[in-house]
2 protein chains.
Amino acid sequence: MPKRNCQGQGWWHGKFRGCGYRLTAGREVILDILSKSQGHLSAEDIYMKVHPKYPNIGLTTIYRTLDVLSNLGMVYKLDFGDGRARYEFAEGPKGAHHHHHLVCTDCNRVVDYADFINEEIELLRQTEKGLGAKYNFKITDHVIQFYGLCGKCSTKK
Amino acid sequence: MPKRNCQGQGWWHGKFRGCGYRLTAGREVILDILSKSQGHLSAEDIYMKVHPKYPNIGLTTIYRTLDVLSNLGMVYKLDFGDGRARYEFAEGPKGAHHHHHLVCTDCNRVVDYADFINEEIELLRQTEKGLGAKYNFKITDHVIQFYGLCGKCSTKK
DNA sequence: CTCCTTAATGAAAATGATTTCCATTTCTAA
DNA sequence: TTAGAAATGGAAATCATTTTCATTAAGGAG
Ligand SMILES: [Mn+2]
Ligand SMILES: [Mn+2]
Ligand SMILES: [Zn+2]
Ligand SMILES: [Zn+2]
């Protein structure tokens, strides 16, 4: 008798197993939530969303899973300066849609943007090459964020 | 009889008073340390350096003063992802020497750089204008940081 | 210079996100 | 089935930063 639904496991099954991780029920729920959510969720946000589907999960497991996902490159861990880490699904196997962030310092609204991304990418390439050589750094990552006031916050007095 | 040393108060006396702040002994010592230190100091680092000159100061006052200085624009508050804020003197009245950072994810070494700053500034200008208009944001600040391994850390296996 | 109002201070306690511990459960490969 | 490894959850620990509150000290008015 064949397994009911082999597809149910999603494309990431292989990714987990290939790295020696086990794809547990908790992890699947977390991944499911993450892949379907827009925005930039805190561990607590994720906990809240996972809980109804998996009431026994502990916040500790959320943190641990997020750490694994982050190391696997499946999730980006972000810091917008509000005292808690935020997580964002890094898109499917086709690769991530690279973008940066615009953050409202008043209401914490976050806008994804990719408008000037080509120029940015080019600048990043140059900078990584130039600085890497000059300071003997092996650059692997970068953060570009803009801070300011969103429309609502700049008008409301 | 003239005051012994009116200059002793430094150029920031006016800046404080102008904003309704009092220039206390503790604040002066902190400002003095900060202005003479290279690098990116944590509140605790500053506390350690201030303590010998002003043994009664409390860490709380360090935090509070740093907050004031940061609001006055005299100090930059930075986050390199190591779980504590870092502070850097924003240069004298002549204006800050704008730079960005290269951070080693292994030993936390931080390098200031301004090498590609012209291209970066131009990109920032464009981006701030373009994104500000498109998303109706009043952009006031940005963060650009590169992460990777410094020379030492990338060689030591 | 002295007084008075109020900002500033320091010690201790509180906060709160994240981590660590550890006993228990679940996988997995043989 | 079974032993070893990985994962889990609840409670306790961490630890940078903030809050509270009683006390002190700027600095303007007189
Ligand atoms: Mn995003
Ligand atoms: Mn710097
Ligand atoms: Zn806003
Ligand atoms: Zn290093």
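Here is how the numbers come out for the structure above:
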| read-out | value |
| --- | --- |
| FRET efficiency, 1/(1 + (r/R0)^6) with R0 25 Å, evaluated for A:Lys152 and A:Arg84 via beta carbons | 0.70 |
| Inter-copy separations for A:Ala133, label at 7 Å along Cα-Cβ, nm, ascending | 3.6 |
| Per-pair calculated FRET efficiency, R0 = 25 Å: A:Gln126 and B:Asp112 via Cβ, rounded to 0.05 | 0.85 |
| Rounded to 5, the percent of DSSP beta bridges in the stretch A:98-157 classed as antiparallel | 50 percent |
| Centroid-to-centroid separation of the stretch A:5-83 and the stretch B:60-86 [C-alpha atoms, Å] | 33 Å |
| Shielding of A:126-136 by partner chains, average beta-carbon count, 10 Å | 5 |
| Computed E for A:Thr60/B:Thr140 - FRET, C-beta separation, R0 41 angstrom, nearest 0.05 | 0.65 |
| Selection from B:Tyr147, B:Met48, B:Asn118, by position along the positive dipole direction of the stretch B:1-150 (Cβ) | B:Met48 |
| Inter-chain shielding of B:140-153 (mean C-beta neighbours from other protein chains, 10 Å cut-off) | 6 |
| Kirkwood Rh, Cα atoms: Rg over Rh of chain A | 1.03 |
| Chain A: DSSP helices with Cα axial extent of at least 15 Å and average Kyte-Doolittle hydropathy no lower than -1.0 | A:25-36, A:59-72, A:117-135 |
| Rel. contact order, % - alpha carbon contacts under 8 angstrom, at least six apart, chain A | 16 percent |
| Computed helical MRE - 222 nm, the protein assembly as shown, DSSP H runs ≥ 4 contributing -39500 (n - 2.57), nearest 500 | -12500 deg cm²/dmol |
| Estimated dipole of the protein assembly as shown in Debye, rounded to 20 [Cβ of Lys and Arg +1, of Asp and Glu -1, Cα centre] | 700 debye |
| Size of charge dipole - the stretch B:1-92 - debye, nearest 20, with Cβ of Lys, Arg +1 and Asp, Glu -1, no other charges | 480 debye |
| Shielding by partners - mean other protein chain Cβ count within 10 Å, residues of B:77-88 | 1 |
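Every number in this text was worked out from the coordinates using simple rules, so none of it is lab data. The model shown is predicted, which means the values in this text are computed figures rather than measured ones. Note that each Cβ is placed from the backbone with ideal geometry, even for glycine, and that neighbours are counted across all protein chains shown.
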